Amino acid sequence: MKKIKKIAITGGKGGTGKSTFAILLAKEFLKQGAKVILCDCDVECPNDYLLLNRRLKSKEKFFNLNNVKQVFAEFPKLIKSKCKKCGLCIKACYNNAIFQIPQKYPVFINDLCSGCGACQYACPNNAIEFEKKEIGKIYLDKISDLWLITGVANPGLEESVPIVKEAKKFALNFVNKINHLNKDDIYVLFDTAAGTHCPVVNALLDVDFAYAVTEPTAVGAYDLDLILSLCEKIKIPVKVVLNKADLGSKSNIIKTLETHSAKIEKEILYSEKLAKKYSEGRLFDINIHYQNE
Ligand code: SF4
Ligand code: SF4
């Protein structure tokens with residue numbers, strides 16, 4: 001094996017073309033003869049499979065592996081026979097995930113619960129136990145030579161970090177499955193959610209470097225500043241990709257890049273053909289030439 005590279009594709013702002021670039025990059029590496037795993041870590045709204053014209057199915061097997069894996073988390077469960085309705089668990093919960101009508105039993109709201117265990121610790125009567133519940137799924141698919149791993153959080157789930165972590169773990173374990181000849185470069189691409197919140201931080205951790213995809217607008221520059229600051233804090237090198245580079249003004253982007261000593265690595269010009277392939281879910285069919293390479 002020559003090398004395994006872990007690359008994140010991120011961008012502070014939504015709608016900048018992050019997923020589009022992730023798929024174009026995957027295709028570029030495949031053309032170079034490498035093996036590629038694309039892991040969609042935007043688990044609350046994954047869309048790579050849609051851009052590749054696929055559906056999330058659960059009936060295939062790859063390497064004797066079921067192509068769907070459930071992700072579980074532990075949530076508090078009340079033992080009514082032990083509960084004295086004292087309300088101490090509510091005071092211990094910083095997520096406001098426990099609700100109680102006076103003189104009634106507390107009710108746990110799983111969608112707001114992080115599973116921290118503070119309520120169980122605070123209960124003087126051992127009236128809280130933890131039970132496993134499914135919070136999402138990881139899907140595996142193959143499109144031509146591209147391996148696609150998709151993390152999906154169950155609707156309404158507040159704390160999606162465990163799904164991001166599981167999807168990443170699944171992708172990194174899967175490297176061993178496709179590495180049987182021990183001679184090809186392997187690229188594992190992590191397509192993160194937009195923003196700089198915890199699911200994005202967890203998708204970025206431990207990668208070799210990240211591409212930050214942005215667009216030449218004031219909001220694009222503002223959000224680029226946030227993601228570059230985050231990557232500096234967690235010590236991830238960043239290469240900037242400017243999408244729709246010929247629309248809008250680059251001046252705000254340039255100013256932001258100067259404050260971070262960063263530069264634009266690739267520019268993608270607006271293309272109706274690209275937009276059409278995107279809307280048809282056929283991004284894999286298109287070849288793109290970057291403007292400044
Ligand atoms: S486990 Fe933590 S977040 Fe969940 S209900 Fe208990 S205290 Fe609140
Ligand atoms: S702290 Fe324990 S006993 Fe008190 S209300 Fe909560 S679960 Fe019931």
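Quick one: is residue 81 loosely packed, with under 13 Cβ neighbours inside 10 Å, in contact (Cβ under 8 Å) with a residue 60 or more places away in the chain and not charged (D, E, K, R)? Answer is no for this residue.
Counting only strands (runs of 3 or more DSSP E) wholly contained in the range 178-286, the ones carrying 2 or more residues that are under 22 Å from residue 149 (Cβ atoms) and touching a strand residue (DSSP E or B) at 6+ places or on another chain (Cβ under 6 Å) occupy 186-191, 209-214. Kindly indicate whether residue 77 is outside any loop (DSSP other than H, G, I, E, B), within 16 Å of ligand 1 (Cβ to nearest atom) and either modelled with pLDDT under 90 or basic (Lys, Arg) (or both). Yes. Within the range 100-116, residues that are under 19 Å from residue 133 (Cα atoms) have Cβ atoms under 6 Å from residues that are near ligand 1 (Cβ under 10 Å from one of its atoms) and of a type in the set (Lys, Arg) in no pair, counting only partners at least 6 apart in sequence or on another chain.
When residues in the range 146-177 are screened for being among the acidic types (Asp, Glu) and either part of a helix (DSSP H, G or I) or touching a Pro at 6+ places or on another chain (Cβ under 7 Å) (or both), 1 of them pass.
Within the range 237-251, the residues that satisfy the criterion of being surrounded by fewer than 19 Cβ atoms within 10 Å (Cβ to Cβ) and either out of contact with any Cys (no Cβ under 9 Å at 6 or more places or on another chain) or of a type in the set (Phe, Trp, Tyr) (or both) are 239, 246, 247, 248, 249, 250, 251. Of all the listed residues (95, 110, 67), the sole one being touching a Ser or Thr at 6+ places or on another chain (Cβ under 7 Å) and near ligand 1 (Cβ under 9 Å from one of its atoms) is 95. One residue stands out in the range 123-145 among those that are more than 10 Å from ligand 2 (Cβ to nearest atom) and assigned to a loop (DSSP other than H, G, I, E, B): the one that is surrounded by the fewest Cβ atoms within 10 Å (Cβ to Cβ), namely 144. Residues in the range 104-122 include at least one that is among the β-branched types (Val, Ile, Thr), loosely packed, with under 13 Cβ neighbours inside 10 Å, within 16 Å of ligand 2 (Cβ to nearest atom) and in a strand (DSSP E or B). The selection criterion, being in contact with a helix residue (DSSP H, G or I) (Cβ under 6 Å, 6 or more places away or on another chain), modelled with pLDDT under 95 and closer than 15 Å to residue 202 by Cβ, holds for residue 160.
Scanning the range 22-54 for residues that are under 19 Å from residue 163 (Cβ atoms) and free of Cβ contacts under 8 Å to residues at least 24 places away in the same chain yields a total of 0.
Does residue 2 qualify as being outside any loop (DSSP other than H, G, I, E, B), on the phi < 0 side of the Ramachandran plot, in contact (Cβ under 8 Å) with a residue 24 or more places away in the chain and surrounded by fewer than 22 Cβ atoms within 10 Å (Cβ to Cβ)? Considered against the rule, which asks whether it is outside any loop (DSSP other than H, G, I, E, B), on the phi < 0 side of the Ramachandran plot, in contact (Cβ under 8 Å) with a residue 24 or more places away in the chain and surrounded by fewer than 22 Cβ atoms within 10 Å (Cβ to Cβ), residue 2 comes out as no.
The values are calculated or read from the model by the stated rules, or taken from the named source; none is laboratory data. Computed from a predicted structure; not experimentally measured. Every residue, glycine among them, receives a Cβ derived from its backbone with ideal geometry; neighbour counts consider all protein chains shown.
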